[in-house]
Ligand SMILES: Nc1ncnc2c1ncn2[C@@H]1O[C@H](COP(=O)(O)OP(=O)(O)OP(=O)(O)O)[C@@H](O)[C@H]1O
Ligand SMILES: [Mg+2]
């Protein structure tokens with residue numbers, strides 16, 4: 001079994017200009033995150049479904065304890081990229097990839113990686129909520145039990161804490177043994193968030209986590225994300241540019257399967273280096 005080391009610093013990588021054909025090689029893409037430790041480092045990552053390239057030559061660093069927002073038009077590969085970070089595409093027939101993804105000093109695609117352990121440390125909330133076919137309580141408890149994170153007597157308490165944290169406790173405290181499939185779409189999404197948080201991940205990958213939530217629940221989740229850092233490193237895919245501005249430290253703009261540009265929120269929204277980034281954040285494309 002390939003075990004994961006405790007948070008060592010990995011070498012910083014230079015992020016290449018991702019699409020010189022679009023903006024010209026003279027433009028620098030600010031892809032590095034300075035001297036901060038990197039929770040994840042992606043280098044030259046390309047992925048294809050059944051021979052069709054979906055994401056190409058992506059290089060991106062996730063500084064430990066930061067929030068990175070991934071934005072870009074529908075179908076540009078955001079979810080595919082996110083699922084690549086903890087090998088969730090592996091289960092999709094026809095998926096092939098190359099390049100490197102590192103989680104601290106671990107090669108995510110290396111031989112012998114224990115996927116269960118990887119996915120505990122690099123957790124994910126999918127774009128479409130996917131509660132497990134078990135009770136609401138068990139959805140949150142199962143990971144805690146499987147990884148033996150707390151003594152059995154404390155599992156219930158931890159389930160409640162996580163449900164409170166995501167703002168779902170009030171709605172479900174008297175129906176913990178019910179099926180999660182009777183919850184609304186937004187509630188199912190919150191349940192999946194609680195389930196991911198329950199196993200104390202180091203990195204949390206969130207694919208449009210608030211897309212079916214009302215404004216108040218959305219604000220609560222955004223507040224929660226801000227409280228989770230710097231203990232957790234977060235990547236959030238969102239179509240809501242205002243949300244990216246509100247919660248993210250850095251923004252990565254994807255288009256046509258490529259990472260066009262990455263930088264701080266201020267840089268991407270106020271001084272983008274690429275023409276397409278400016279067009280996208282100002283609502284002229286996408
Ligand atoms: N399992 C699959 N098999 C084949 N093609 C796929 C599969 N999953 C996604 N794709 C294709 O990959 C491309 C990128 O899809 P992806 O879901 O990553 O986009 P996205 O940027 O997340 O879009 P959205 O913003 O609409 O969620 C799309 O053209 C999609 O049709
Ligand atoms: Mg998507």
Open item on the list: I'm trying to understand the selection: among the residues of region 92-106, which are surrounded by fewer than 16 Cβ atoms within 10 Å (Cβ to Cβ) and farther than 23 Å from residue 237 by Cα?
Closed with: 93, 94, 105
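Among the residues of region 113-138, how many are in contact with a strand residue (DSSP E or B) (Cβ under 8 Å, 6 or more places away or on another chain) and in a helix (DSSP H, G or I)? Write out each step before concluding.
Of the residues in region 113-138, the ones in contact with a strand residue (DSSP E or B) (Cβ under 8 Å, 6 or more places away or on another chain) are 113-114, 118, 121-127.
Then keep just the ones that are in a helix (DSSP H, G or I); that gives 118, 121.
Counting residues in region 113-138 that are in contact with a strand residue (DSSP E or B) (Cβ under 8 Å, 6 or more places away or on another chain) and in a helix (DSSP H, G or I) gives 2.
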Task: Residues of region 244-257 satisfying the condition of being over 21 Å from residue 86 (Cβ atoms) and surrounded by fewer than 22 Cβ atoms within 10 Å (Cβ to Cβ) - done: 245, 246, 256
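Quick test for you: out of 227, 208, 222, 164, pick the one residue that is within 16 Å of ligand 2 (Cβ to nearest atom) and over 23 Å from residue 43 (Cα atoms).
Numbers: 227 fails: within 16 Å of ligand 2 (Cβ to nearest atom); 222 fails: within 16 Å of ligand 2 (Cβ to nearest atom); 164 fails: within 16 Å of ligand 2 (Cβ to nearest atom).
The unique qualifying residue is 208.
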Open item on the list: Restricting to region 59-91, name every residue that is within 14 Å of ligand 2 (Cβ to nearest atom), over 14 Å from residue 236 (Cα atoms) and assigned to a loop (DSSP other than H, G, I, E, B).
Closed with: 73, 74, 75, 76
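Determine whether residue 104 is modelled with pLDDT of 95 or more and more than 26 Å from residue 51 (Cα to Cα).
Working: modelled with pLDDT of 95 or more: yes; more than 26 Å from residue 51 (Cα to Cα): yes.
Criteria met by residue 104.
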Open item on the list: Out of 228, 224, I need the residue that is in contact with a strand residue (DSSP E or B) (Cβ under 8 Å, 6 or more places away or on another chain), surrounded by fewer than 18 Cβ atoms within 10 Å (Cβ to Cβ) and in contact (Cβ under 8 Å) with a residue 24 or more places away in the chain. Which one?
Closed with: 228
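The values are calculated or read from the model by the stated rules, or taken from the named source; none is laboratory data. Every value quoted in this text rests on a predicted model; they were computed, and no experiment measured them. Note that each Cβ is placed from the backbone with ideal geometry, even for glycine, and that neighbours are counted across all protein chains shown.
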